[in-house]
1. Inspect all residues belonging to segment 380-396 and state whether any of them is of a type in the set (S, T, N, Q) and modelled with pLDDT of 85 or more.
2. Please enumerate the residues belonging to segment 212-246 that are in a loop (DSSP other than H, G, I, E, B), hydrophobic (A, V, I, L, M, F, W, C) and within 23 Å of H202 (Cβ to Cβ).
3. Let me spell it out: the conditions are (1) at pLDDT 75 or above; (2) over 30 Å from P73 (Cβ atoms); (3) surrounded by 17 or more Cβ atoms within 10 Å (Cβ to Cβ), and R179 meets all of them except one. Which number is the exception?
4. Residues in segment 143-176 that are at pLDDT 65 or above and touching a Leu at 6+ places or on another chain (Cβ under 9 Å): how many?
5. Condition check: assigned to a helix (DSSP H, G or I), within 22 Å of H463 (Cα to Cα) and in contact (Cβ under 8 Å) with a residue 24 or more places away in the chain. Does L340 satisfy that?
6. Restricting to segment 34-57, what's the tally of residues that are modelled with pLDDT under 75 and in contact with a helix residue (DSSP H, G or I) (Cβ under 6 Å, 6 or more places away or on another chain)?
Amino acid sequence: MRLPIAYRLFIAVLLVSLALTGAVIAVVRLSVVRSFADYVAQIELGRLDPLVGELQARYRETGDWDFLPPAEPAEARVRWLRRELDRTVAGRPRPGPPPPRGDGQRPPPAGPPDHLSLHDRVSLLGADGRWLAGRRDDVPVRARRPLWVDGQVVGYLALARVVEPADAIEAAFLADQLRHIALIGGLAVLASVIAAALLAGHFRRPIGRLLDGARALAAGRFETRLAITRSDELGELARSFNHLAAMLERHESSRRQWLADTSHELRTPLAVLRAQTEALQDGVRPADAANLAALHRQALILGKLVDDLYALARSDVGQLQYRMARLEPWPLVQQEAEALAPRLAERGLALVLQPPESAATVFGDADRLRQLLRNLLENSARYTDAGGEVRIRAERVNAGHGNAGRGNAAWRLVVEDSAPAVPAELLARLGERFFRAEASRSRAHGGAGLGLALCVRIAAAHHGRLDFASSPLGGLRVTLTLPLEA
């Protein structure tokens, strides 16, 4: 059975209210019973003041309890204390049995004995607590009154508890109090019910909005946003929901853009291949070495594009494999620069290498770093105007000056070239997929805009970073920063 959280909250508050009300009634009842019993006992002890004065005066005259009747039989002392109580308190002798009726028979008893009668519950105790006169049984003593003579306690008048809970006054008082307590408890439960209902509704509405929003996201409506009207945890949850929805919307937009760009980039080499193949089939072009070489170039472009897409996709899902080891990065830079030197020379570009002052060791994958360096140098060779310059330098930097975050020092590689430059507002987008600064580095130079995006991910996998800035030479400066191994 599915029980909404608002109902669970309502039931929980209601049960707690009922339990607290019941506990309060029980505690108050117990407290009233005890307090009332003590109160009644004090009143009853106050009624014994004349007997207390009489016993203290007679003890002062005799100096002992010798004025009491003989201890045997004990009933004599019981009757004696009752007579003294009647004489001093009531001012009259204890009434005897009622006279017989006209028919010579005694009337039936009026009812059960009066358990509230002082005669049946008062006893005289010595200073050491031993029984001297009056009631003598095992009924617990409710209260006792000390007897003072010349500043010393010579005995006590003890008042026993009622044998049966038949105290009419106490029962009436307790019943009246319980009626009031029950009324207050009922009002408290009713107020708790109202408060629980309001509280449940107070939480149910924003939770319902969150639930509706989650269902909208699950249905693909990533533009869904929640109105934030609260400052508590539910308001924070709504803000987190909106942030999540915005991220999902951006990711969905990026996914769609990724698909559109991928299909667009694949369409161009495929269209060229198709046109050239159809021309060969129709006999428009001869199947000579030049035309076959053109087909081969388009196949290589298509293959590189597919390889880059595959590498980026694997990097996004964390499946691009890295074989990390301690290595010196500068020899890798030299090897890739030497491999690209002939192409730079063909384009009339000068290559300048500025090695670091000391050797450095990083923790990385040599093959992936070669791929990164190759893409950077290829980018400069492809987009730098003829007669320009490509400059490569490396250096060590301290923490806080380019440190990638793993150690106290970092290794920095700077690859910069001459004109044309990239507009400053486009520098931050150079690491995006399929992005080209078309105004200065056009599609005519080749490339799909994936090389730098892949470089950014390879640098991040090495706990480093790739930064883009304008170069003093008039072109682009790319800075690779990697943490040094101790």
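1. Yes, there is a match, as at least one residue in segment 380-396 is of a type in the set (S, T, N, Q) and modelled with pLDDT of 85 or more.
2. If the condition is that a residue be in a loop (DSSP other than H, G, I, E, B), hydrophobic (A, V, I, L, M, F, W, C) and within 23 Å of H202 (Cβ to Cβ), then L226, A227, I228 are the ones that fit.
3. (3)
4. 12
5. Taking the combined requirement at face value, the residue does not satisfy it.
6. The qualifying residues number 1.
The values are calculated or read from the model by the stated rules, or taken from the named source; none is laboratory data. What you see is a predicted model; the values in this text were computed from it and never measured. Glycine gets a Cβ as well: all are built from the backbone with ideal geometry, and neighbour counts include every protein chain shown.
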